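To start, the structure itself, in structure tokens.
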Amino acid sequence: MATQLTAPALDAAKVRADFPILSQPQPEGRKSLVFLDSAASSQKPQAVIDAVDAFYREANSNIHRGVYHLSEVASGLYEGARETMAAYIGAADSREIVFVRNTTEAINLVANSWGRANLKPGDLILVTEMEHHSNLVPWHLIAEQTGARIEAVRLNRDLEFDMEHYYSLLAKQPKLVAVAHVQNSLGLINDVKKIAEHAHTVGAKVLVDAAQSAPHMALNVQELDVDFLALSGHKMVGPLGSGVLYGKFDILSAMPPYMGGGGMIRKVKVDSSTYADLPARFEAGTPAVADAVGLAAAARYLTGLGLDAIHAHETDLLNYALDQFAEIPNITVFGPTDRTHQNGVMSFEVDGIHPHDVAAILDEENVAVRAGHHCNQPLMERLGVIATTRASFYIYNTREDVDRLVAAVLRAKHVFGVD
């Protein structure tokens, strides 16, 4: 029997009208677009497009360097964006916000700055077997350079973070715990507040990959009590090439620069330099000012919709999809047993059909999904598959989109003779 669902908390049809790419005409013979790949990169509303356009039309200038009016306007917009992002994630001080290109750059910054300064041979870095490659490879590189070692927290039989295994690894006194807030293939929501609380009892720092949570749920870094948090703007209706690293003020203040150049210095001599205070110390060179402005516009747009309403809407779509997929034979859906621990991401395998072939048939129906290992090769190994097909739901998706997805999957099964 289908799960009883509450009414959607967000008017997705109205939201959809804010996104030009979703209403543009399709080539002749092609159905309207159903975009179910927002976990990779979301579409952009007119408000964000307008904010970026207005910066280049009305305020384009380098920042923090000019005493003329236009430079001061641009500088104000950039620092205003920082304040917006601090409020969006509940940071205590806007100086705890460092603008970067994406989550990957944020994690590399922490690995190369904090990691080089604090990790020694034999020190333990804890990751999990569900991490995105961007929260694995930087630690591999820094471990090779510092002599640190890496161990991973397992998933339990319910495909959730194994707390008992975690406790046993904490007994080894790790220096850092790096974990995703929401897993990008399973949609698993990890209890990062609890994870951080236990990490801090052994003196470990905690880095949270919030790429898949920042677009979908309310965040408060002070309540979570994490030491670092990284997010990407392009997944939260913001511009490509925009992102944020949050770090506790005292920790960031003690970290050495990651990149050198203009803007991050206090005084430069031929043979030495001293460095600027936060956050300039970590923003060398001319920053992507327009992208930061666009990211702030994205944060305001999502805040206006309501992060709780967004999460409720995605949960409704996920449950609607899971109930329908449960009625289709020869399909395996991967995710936590407890749906309340899952965000709007659903990965699945159709028996006898490669995920890329499933995605290709869905594309013929103009249903855009992702197929592959999703930068989760250790997780795929844990699941016993080489790849999955992934549908990810967001603010502009509707139950009708789910119906289109189901119909397209049924067609793929028919095409490959696995009805």
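Observations
- Tensor-based shape of region 356-419 (alpha-carbon gyration tensor, a/c under 1.5 rounded, otherwise prolate or oblate): oblate
- Percent RCO, i.e. relative contact order, over region 220-366, from Cα pairs under 8 Å lying at least 6 residues apart: 16
- Where K235, K269 fall by accessible area, highest first, once all protein chains stay in place (1.4 Å): K269, K235
- Charge tally around G384: other residues with Cβ under 15 Å, Lys/Arg +1 each, Asp/Glu -1 each, net -1.
- Between V153 and V127, T128, E129, the built amide H atoms are under 5 Å apart, and every one of these is 5 or more places off in sequence or on another chain.
- Computed over the chain, relative contact order equals 23 percent, with contacts defined as Cα pairs under 8 Å that lie 6+ residues apart.
- Per-residue HN-Hα couplings for region 292-300 [Karplus 6.51, -1.76, 1.60; θ = phi - 60°; Hz; x = Gly/Pro]: 5, 4, x, 5, 4, 5, 5, 4, 5
- Solvent exposure ordering (accessible area, 1.4 Å, most first) of K120, K413: K120, K413
- Theoretical FRET efficiency, 1/(1+(r/R0)^6), r = Cβ-Cβ of N60 and R30, R0 56 Å, to 0.05: 0.90
- Normalising the Debye intensity of the chain to I(0), with uniform scatterers on Cα atoms only, and taking log10 at q = 0.08 Å⁻¹ returns -0.46.
- Accessible area in square angstrom per residue, the chain, 1.4 angstrom probe: 42
- Between A407 and V268, full extension at 0.36 nm per residue minus the direct alpha carbon distance yields a gain of 43.7 nm.
- Built amide H within the under 5 Å cut-off of K205, gap 5+: L176, V177
- Summed side-chain charge close to I353 - residues other than I353 whose Cβ falls under 13 Å, Lys, Arg +1, Asp, Glu -1: -2
- Candidates D227, D351, D271: whichever shows maximal mean-square fluctuation once the chain is modelled as a Gaussian network with Cα springs under 10 Å: D271
- At R0 = 30 Å, FRET efficiency that the Cβ-Cβ distance of Y275 and A47 yields, to 0.05: 0.25
- Taking 22 Å as the straight-line reach from the Cα of K413, the lysines in range (excluding those fewer than 8 positions away in the same chain) are K31.
- By a 1.4 Å probe calculation restricted to protein chains, I386 has an accessible surface near 130 Å², given to the nearest 10.
- Here's the picture: charge each Lys and Arg Cβ at +1 and each Asp and Glu Cβ at -1 in the chain, and of W139, P329, A309 the one pushed furthest to the positive end of that dipole is W139.
- Rounded to the nearest 500, the helix-only mean residue ellipticity at 222 nm of the chain stands at -11000 deg cm²/dmol, with each DSSP H run of n ≥ 4 adding -39,500 (n - 2.57).
- Nearest-10 value in Å² for the accessible area of D250, using the 1.4 Å probe: 120
- Furthest towards positive pole of dipole, G344, A13, A47, structure part the chain, Cβ charges: A47
- Considering only Q324, Q24, Q43, the Gaussian network model of the chain with Cα springs below 10 Å gives its largest mean-square fluctuation to Q24.
- Computed from the C-beta positions of L240 and V418, the FRET efficiency with R₀ = 45 Å rounds to 0.75.
- Label point distance in nm, E197-A9, each placed 7 Å from Cα along Cα→Cβ: 2.2
- Surface share of carbon and sulfur [accessible, 1.4 angstrom probe, percent] for the chain: 52
The values are calculated or read from the model by the stated rules, or taken from the named source; none is laboratory data. Quantities reported herein were computed from a predicted structural model and do not represent experimental measurements. For neighbour counting, all protein chains shown are included, and Cβ atoms are generated from backbone atoms with ideal geometry for every residue, glycine included. For the accessible areas, the whole protein counts, side chains as well, though only heavy atoms, and no ligand, DNA or RNA atoms are used. Shrake-Rupley method; radii C 1.70, N 1.55, O 1.52, S 1.80 Å.
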